[in-house]
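The values are calculated or read from the model by the stated rules, or taken from the named source; none is laboratory data. Given the structure is predicted, the values throughout are model-derived calculations rather than measurements. Here the Cβ is made from the backbone with ideal geometry for all residues, glycine too, and neighbour counts use every protein chain on show. Ligands, DNA and RNA are excluded from the accessible area calculation, which covers all protein heavy atoms including side chains. Shrake-Rupley method; radii C 1.70, N 1.55, O 1.52, S 1.80 Å.
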Amino acid sequence: MENISPEKVAPPTPPPPPTPHPVKSTDLSTRRRSQSFASKATRDSWDRMFDEALGADVLIHTDGDGLVYAHSNVIGMASDVIRGMMKKDKRKPHRKSISILGVPHDAVRVFIRFLYSSCYEKQDMEDFATHLLVLSHVYVVPHLKRVCETEFENSLLNKENVVDVFQLALLCDAPRLGLLCHRLILKNFEEVSTSQGWQAMKESHPRLQKELLRSVTYELNCLKQRNRKQKEIQTYTQLYDAMEAFVHICRDGCREIGPTKIETRHVSCGFQACNGLEQLLKHLAGCKLRSIPGGCSRCKRMWQLLELHSRICVDSEQCKVPLCSNFKERMKTQSRKDEKRWKLLVKNVLSTKRIGGSPYFLQAIDVTL
């Protein structure tokens with residue numbers, strides 16, 4: 001018999017993935033949901049049960065003599081508060097009757113529908129978000145409250161309604177939403193303070209308005225302190241850079257001053273303060289007003305920089321910066337007040353740059369008041 005070798009059969013081509021059926025925008029039965037916690041089939045079943053009200057045994061009275069039919073087992077399981085309300089109604093055992101008043105009839109329908117399928121329409125949420133937040137708090141439906149908070153955080157919160165939503169967040173125990181509203185109020189206080197919600201709060205809750213004004217004042221003061229601190233840090237950083245440039249110019253030389261000069265102007269030495277310091281040094285050498293009482297402002301600035309350098313210089317005897325040792329001797333004759341002021345400046349300059357191991361300057365921890 002002949003040996004028959006098995007043929008190599010190629011694997012079959014996999015079928016293409018199923019294509020979703022296009023949804024017609026004109027189909028009124030198709031509802032657009034922005035949030036869901038169940039499959040589509042389950043949602044449709046629960047929505048149909050609510051819409052058709054087949055076997056409904058609860059009548060919910062709303063404002064304007066409106067009625068909403070519901071099933072006691074469903075809404076009772078979703079809300080313990082509603083279950084307690086139904087237990088109190090003993091007049092008609094076969095059909096319970098409760099009232100949900102103070103909000104629009106349509107908002108109650110959206111609320112009850114959410115108890116069935118945990119679904120809502122995007123437009124309904126935009127129209128009744130504040131009412132749904134209140135209903136979720138009153139009837140203890142925490143997952144609806146989280147949905148409302150998320151919708152406000154993502155898209156619904158604005159400068160016009162932030163004051164109203166802030167008050168509701170305080171009443172409905174929604175701390176995260178309250179914090180978001182508080183930040184938005186502080187950030188856009190000028191516009192928010194002219195809104196209708198602010199005027200209404202001013203009349204109905206003057207104490208809350210005073211607390212917000214106090215928060216705005218505190219925030220502005222903190223902002224001023226941060227800006228002032230940043231400016232101080234920037235100033236101390238520039239002073240330290242100038243001290244490094246002093247050592248560089250007098251020890252190594254730079255463009256026009258020092259033992260070694262850079263002939264090409266386009267070559268950078270890496271010290272941004274070099275150019276300005278060279279101009280000040282040249283001005284100090286040729287200024288005729290430096291010895292006159294009152295003197296020259298540029299010369300005074302140069303003397304102050306030289307004195308600052310001498311106070312942070314670690315070795316004045318080997319230092320190449322002019323007058324460094326002279327200023328060291330001058331420190332001994334200064335008043336206690338001036339000495340304290342200079343020590344504070346030196347401490348701030350050194351601590352800002354964190355130069356504990358600098359070979360040219362004193363360590364920040366050695367500078368004490």
Review point. Can you tell me which residue in the range 283-303 is least open to solvent (accessible area, probe 1.4 Å), limited to those that are under 16 Å from Cys250 (Cβ atoms) and modelled with pLDDT under 75?
Key: Leu284
Check your understanding: Can you name the residue in the range 258-271 that is more than 16 Å from Lys320 (Cα to Cα) and either modelled with pLDDT of 80 or more or surrounded by 13 or more Cβ atoms within 10 Å (Cβ to Cβ) (or both) and is also nearest to the chain's Cα centre (by Cα) among such residues?
Key -> Phe271
Study note, to complete from the structure: Of those in the range 106-122 that are outside any helix (DSSP H, G or I) and open to solvent by 20 Å² or more (accessible area, probe 1.4 Å), the residue modelled with the highest pLDDT is Glu121
Point to revise | Members of the range 323-357 that are part of a loop (DSSP other than H, G, I, E, B) and either at pLDDT 75 or above or open to solvent by 60 Å² or more (accessible area, probe 1.4 Å) (or both) | key: Leu323, Lys332, Thr333, Gln334, Ser335, Arg354, Gly357
Review point. Filtering the range 157-212 down to residues that are open to solvent by less than 30 Å² (accessible area, probe 1.4 Å), part of a helix (DSSP H, G or I) and of a type in the set (Gly, Ala, Ser), which residue is modelled with the lowest pLDDT?
Key: Gly197
Practice item. Within the range 58-105, count every residue that is open to solvent by less than 80 Å² (accessible area, probe 1.4 Å), among the hydrophobic types (A, V, I, L, M, F, W, C) and without any contact (Cβ under 8 Å) to a residue 40 or more places away in the chain. Key: 4
Point to revise | Top-ranked residue of the range 25-56 - restricted to ones that are at pLDDT 55 or above and basic (Lys, Arg), ranked as farthest from Phe111 (Cα to Cα) | key: Lys40
**Study point:** Candidate set from the range 214-244 (those that are of a type in the set (Phe, Trp, Tyr) and surrounded by 16 or more Cβ atoms within 10 Å (Cβ to Cβ)); member that is farthest from Cys254 (Cα to Cα)
**Key:** Tyr236
